[in-house]
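K.L.:
If you scroll down you'll find the structure; I have some questions about it.
The values are calculated or read from the model by the stated rules, or taken from the named source; none is laboratory data. Note that the coordinates shown come from a computational prediction; the quantities given were computed from them, not determined experimentally. Here the Cβ positions follow ideal geometry from the backbone for every residue, glycine too, while neighbour counts run over all protein chains shown. Quick note on the areas: whole protein, heavy atoms, side chains included, nothing else; ligands and nucleic acids left out. Shrake-Rupley method; radii C 1.70, N 1.55, O 1.52, S 1.80 Å.
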Amino acid sequence: MYCVCKEHVELAIDKFVDEYEDAPDIVDLVTTKFTEWEAPATCDMCQNIAEYLVV
C-alpha cells in the first residue's frame, strides 16, 4: 500500500505490480474518507500532500 502525490502515482503502481504481480486499485484520498484509518498527510516518496492510495 502506498500513499502518494500525483507526481508519484506511476512509480507507486510500478512498485505495487513488481511486488504483488497484480494491478492495484487506486483511491482518491481527496474525495474518500475512511472510518477506521487516517491517511498520512504526506507522500510516501516525498514531502508533497498524499492524494492517492495505491492498494
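K.L.:
With +1 on each Lys and Arg Cβ and -1 on each Asp and Glu Cβ, and nothing else charged, work out how big the dipole of segment 2-54 is about its Cα centre, in Debye to the nearest 20. Mind showing how you got there, number by number?
P.N.:
Values: 3 positive and 13 negative charges, 58 e Å.
That gives segment 2-54 a dipole magnitude of about 280 debye.
K.L.:
Here's another thing I want to ask about it. So what is the relative contact order of the chain, in percent, for Cα pairs below 8 Å that sit 6 or more residues apart? Can you show the working numbers first?
P.N.:
Details: 87 pairs, mean separation 30.8, N = 55.
The normalised contact order for the chain reaches 56 percent.
K.L.:
The list [x] 73, 15, 7; [y] 43, 22, 15; [z] 28, 23, 14 gives values of Cα extents along the principal axes in Å, and only one came from this structure; which label was calculated from it?
P.N.:
It is the value labelled [z].
K.L.:
Sorted by accessible area (1.4 Å probe), largest first, how do Leu29, Leu11 line up? List each step's numbers first, then the result.
P.N.:
Details: Leu29 20, Leu11 85 Å².
Solvent-accessible surface, decreasing: Leu11, Leu29.
K.L.:
Calculated from DSSP H runs of 4 or more alone, at -39500 (n - 2.57) each and per residue, what is the 222 nm mean residue ellipticity of the chain, nearest 500?
P.N.:
Details: 1 runs with 12 residues, N = 55.
It comes out at -7000 deg cm²/dmol, rounded to the nearest 500.
K.L.:
Counting chymotrypsin sites (Phe, Trp or Tyr not before Pro) as exposed when in a DSSP loop with at most 13 other beta carbons within 10 Å, what is the longest stretch of the chain free of them?
P.N.:
Between exposed loop sites, the widest span is 1-33.
K.L.:
Same structure again: For a quick check: with amide H placed at 1.01 Å from N, whose amide H comes under 5 Å from Met45's, ignoring anything fewer than 5 positions away on the same chain?
P.N.:
Here the answer is Cys5, since their amide H atoms fall under 5 Å of that of Met45.
K.L.:
With a cut-off of at most 11 other beta carbons within 10 Å, and DSSP calling the residue loop, which trypsin sites (Lys or Arg not before Pro) in segment 3-47 qualify? Please list them. Kindly include the intermediate steps, with their values, before the conclusion.
P.N.:
On the way: sites: Lys6, Lys15, Lys33; in loops: Lys33.
Filter output for segment 3-47: Lys33.
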